[in-house]
């Protein structure tokens, strides 16, 4: 699948030497302190939590303890940087964060950050000395606890250094053996898999709190030296007043639930881009170079201003940025996200980039006019699939929806308006004219998004009753109400059989749609045992401020989702009618129930609602037919075994540091996760330029989709061409944006 263009990678590119030591940030030069207006922001956040959060719980000593725990854990998730004495010194603050924030005092967050950076510098110094002065012995029978989130913090520096000695030994061994296994796989013609999931299961060098290792041809010792030096440099570079405040206030908001968060002004921009699938800038993926602090151009987006300019290439570095006709400002070693904010800006405005070549020479300035950069990776895609089952060929439709995006600040008539439901409707309209007999709606990996879009999407598949059809129940602090489809705009666009695909990453809006279509008998849900289990509603509230000192926003949980049958989607999610497990299905580390401070599952009175169709009545027959197909399938038996092994790997917390035992484990894990990758390969349906032969090769590996098409073929046969019954409700004035879709409305 394509990488999301908005992700800015912190890639380590070379060892930071003496030449850059004079200008690179150091512990002596970086002293992050709160700005004067941050206390006002903190008071506003606490006030909103007290008044608006669904729990109706004041930010008191109990919440203070949770915030305290969140903060130290966010800084040091692996419990290996801080010392227990550091935490002991902060014990008085466990019940005083609430008092401090009400007084506008945010200094505790900066104190924790300062100690974290100091301790991290000590750990990196130890790592440097260890790697430069010792040869590691891999013949000893030692084990390393690589999942340390439940482990106690080290009591002394010596104890911390012992943890890090094993950590470095573990990473050195994983890196060395990984290369051996790569060479072995290459010699045997096997694909090499380097995804983070596999590395994490192996206890390898790729961790969630450290940048990826450098070029593989470098000696493992040099790779690790660069990695940790660059990681420390990255922390020093990226940690500014705003980022430290955001971390502190996120720890506070997450004391209530894992989805409430403070968003700094820059983070709010990112949030809006994700919803709108667009940004205004120059069209580049950037990474901060750790040798000179410049922004290296890692990718140039097609059709963007940089691509049209033509002379700037991947590998060139941005060292200065100017707005309009203002002077160009040096941006080396400045926080990357703030620099990116300077490069972004309103459409049709002028930005000047000072650029060097790959080696840092040949400086020149290039003036660009910002333009809209479409982030189409998350847009809905579709295709027609012809499936033959028992000698009968059927024409089936497929729509993949990666996220529930929707423009919040524009009307449908605006050319820049984006709507996932509208995009899906366009595909459905095409299917209605192409003789498509059934549809698979793929919500796997869809983490949610706009609640409004979830309702609009559901409306494509359900009819008015003849009044509005309920989709989901919303429970706020003081009332419960349904969100319905719209009786005056009957978007009953698809009346034929429907299957919805889910997995453990299908969350929030995905669960609303899947649950509503399942409860009304309109669709059959297929996939993992259940979805993610996020059943809460977040509202983004602006905190005000001035253009010079914006306060940011707070995303706060203000309501809960309930299916129309009265059951919350929180924690329990939506269960599949027919289970076709992915490698995620048995993972014990995925799901809402694994998040800190997750709200519990609850139930309310169900609505009185009618079944739109009777798809659920076909489930026993469809399951029996699918079971018969899969009974003697070696591919399916292999899948179940892989699912089991993936669960075992996800539960592992320790790894051996003895070479032979570790190599045996890594060989087994590599085979398991390679098999999991192949089983769950979804193909690249977003790339319409891919050759047809390549598309077919990619798609055939998606076992769940392949069997879902078979189930849908059975469903089309069992329904004998029937369609969901309609009621003739036609508005007098259909909106132009809906009328423009054409098709059967």
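The values are calculated or read from the model by the stated rules, or taken from the named source; none is laboratory data. Note that the structure is predicted; figures quoted are calculated from it, not measured. Reconstructed Cβ throughout: ideal geometry from the backbone, glycine too, with neighbour counts over all protein chains shown.
Some values worked out for this structure:
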| read-out | value |
| --- | --- |
| Failed criterion for residue 570 (all others in (1) in a loop (DSSP other than H, G, I, E, B); (2) over 19 Å from residue 615 (Cα atoms); (3) at pLDDT below 95 hold) | (3) |
| Search result, residues across the stretch 534-555 that are without any contact (Cβ under 8 Å) to a residue 12 or more places away in the chain and over 30 Å from residue 570 (Cβ atoms) | 546, 547, 548 |
| Selection from the stretch 345-371 of residues that are touching a helix residue (DSSP H, G or I) at 6+ places or on another chain (Cβ under 7 Å) and modelled with pLDDT of 80 or more | 351, 366, 368, 369, 370 |
| Close pairs from the stretch 289-317: first not assigned by TED's automatic domain parsing to the domain that holds residue 331 and surrounded by 23 or more Cβ atoms within 10 Å (Cβ to Cβ), partner at pLDDT 80 or above and in a loop (DSSP other than H, G, I, E, B), Cβ under 9 Å, at least 6 apart | none |
| Candidates 580, 599 - the one that is in contact (Cβ under 8 Å) with a residue 40 or more places away in the chain and not assigned by TED's automatic domain parsing to the domain that holds residue 476 | 599 |
| Some residue of the stretch 613-626 being in a helix (DSSP H, G or I), farther than 27 Å from residue 565 by Cα and out of contact with any helix residue (DSSP H, G or I) (no Cβ under 7 Å at 6 or more places or on another chain) | no |
| Number of positions in the stretch 644-653 that are touching a residue at least 60 places away in the same chain (Cβ under 8 Å) and touching a helix residue (DSSP H, G or I) at 6+ places or on another chain (Cβ under 8 Å) | 4 |
| Failed criterion for residue 54 (all others in (1) part of a loop (DSSP other than H, G, I, E, B); (2) over 26 Å from the mean Cα position of the chain (by Cα) hold) | (2) |
| Residue in the stretch 471-478 that is surrounded by fewer than 16 Cβ atoms within 10 Å (Cβ to Cβ), in the same structural domain as residue 703 (by TED's automatic domain parsing) and without any contact (Cβ under 8 Å) to a residue 12 or more places away in the chain present | yes |
| Single residue of 559, 637 found to be over 30 Å from residue 244 (Cβ atoms) and in contact with a helix residue (DSSP H, G or I) (Cβ under 9 Å, 6 or more places away or on another chain) | 637 |
| Among residues of the stretch 101-138, those that are in a loop (DSSP other than H, G, I, E, B) and surrounded by fewer than 15 Cβ atoms within 10 Å (Cβ to Cβ), counted | 4 |
| Residue in the stretch 222-249 that is surrounded by the fewest Cβ atoms within 10 Å (Cβ to Cβ), counting only those that are in contact with a strand residue (DSSP E or B) (Cβ under 7 Å, 6 or more places away or on another chain) and at pLDDT 90 or above | 246 |
| Residue match in the stretch 599-608 (condition: closer than 30 Å to residue 241 by Cβ, in contact with a strand residue (DSSP E or B) (Cβ under 9 Å, 6 or more places away or on another chain) and surrounded by fewer than 15 Cβ atoms within 10 Å (Cβ to Cβ)) | no |
| Residue satisfying all of: in the stretch 631-643; part of a helix (DSSP H, G or I) and without any contact (Cβ under 8 Å) to a residue 12 or more places away in the chain; farthest from residue 142 (Cα to Cα) among these | 631 |
| Enumeration of residues in the stretch 531-553 that are part of a strand (DSSP E or B) and at pLDDT 95 or above | none |
| Residue in the stretch 251-261 that is nearest to residue 114 (Cα to Cα), counting only those that are crowded, with 24+ Cβ neighbours inside 10 Å and touching a strand residue (DSSP E or B) at 6+ places or on another chain (Cβ under 7 Å) | 253 |
| Members of the stretch 85-100 found to be within 21 Å of residue 44 (Cα to Cα), part of a helix (DSSP H, G or I) and free of Cβ contacts under 8 Å to residues at least 60 places away in the same chain, listed by number | 93, 94, 95, 98, 99, 100 |
| Check on residue 267, at pLDDT 80 or above and either surrounded by fewer than 20 Cβ atoms within 10 Å (Cβ to Cβ) or closer than 30 Å to residue 401 by Cα (or both) | no |
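Residue-wise test of (1) over 24 Å from the mean Cα position of the chain (by Cα); (2) modelled with pLDDT under 90.
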site	(1), (2)
401	no, no
416	yes, yes
424	no, no
431	yes, no
453	no, no
467	yes, yes
